[in-house]
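Have a look at the structure below before the remarks.
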Amino acid sequence: MFFSNISKFFKRRSVKYGLPFFVLMVGGSFGLREFTSLRYQFSKVSKIRPEELEKYGIEMKKSGQVTLESEFEKIKEIDIDNWKQVRGPRPWEENIQSN
């Protein structure tokens, strides 16, 4: 009698399809939370200091040295009316030009 009631319960459509759906939604939520916390817990993100960049020959400008106005002045000086279009070599043309 007891086993027949359990059998009827698990054959219901709401239990047969709804229960796995809710288990997947709730379990997936907890799983995603764990995976995303691992991502931030073990990430090796560190800022590069200007002293480290100078060792490699990269010079950083001070924050107030570069402004929008100074960059605009540099662009205004460029002659955009006189230019020549130069076609770059295609990957399959490299061997032909070197011969």
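The values are calculated or read from the model by the stated rules, or taken from the named source; none is laboratory data. Source: prediction; values computed, not measured. Heads up, the Cβs are rebuilt from the backbone with ideal geometry, glycines too, and the neighbour counts pull from every protein chain shown.
Considering region 75-91 alone, what residues qualify as being in a helix (DSSP H, G or I) and either modelled with pLDDT of 90 or more or surrounded by 10 or more Cβ atoms within 10 Å (Cβ to Cβ) (or both)?
Passing the criteria: ILE75, LYS76.
Check off (1) assigned to a loop (DSSP other than H, G, I, E, B); (2) of a type in the set (Asp, Glu); (3) more than 31 Å from the chain's Cα centre (by Cα) for GLU94 and give me the number that stays unchecked.
All conditions are met except number (1).
For region 59-99, which positions are out of contact with any helix residue (DSSP H, G or I) (no Cβ under 9 Å at 6 or more places or on another chain) and among the hydrophobic types (A, V, I, L, M, F, W, C)?
Answer for region 59-99, where residues must be out of contact with any helix residue (DSSP H, G or I) (no Cβ under 9 Å at 6 or more places or on another chain) and among the hydrophobic types (A, V, I, L, M, F, W, C): VAL66, LEU68, PHE72, ILE75, ILE78, ILE80, TRP83, VAL86, TRP92, ILE96.
Looking at region 63-74 only, could you name the residues that are assigned to a loop (DSSP other than H, G, I, E, B) and polar (S, T, N, Q)?
Of everything in region 63-74, those that are assigned to a loop (DSSP other than H, G, I, E, B) and polar (S, T, N, Q) turn out to be SER63, GLN65, THR67.
Has region 38-51 got at least one residue that is assigned to a loop (DSSP other than H, G, I, E, B), free of Cβ contacts under 8 Å to residues at least 12 places away in the same chain and in contact with a helix residue (DSSP H, G or I) (Cβ under 9 Å, 6 or more places away or on another chain)?
No: zero hits.
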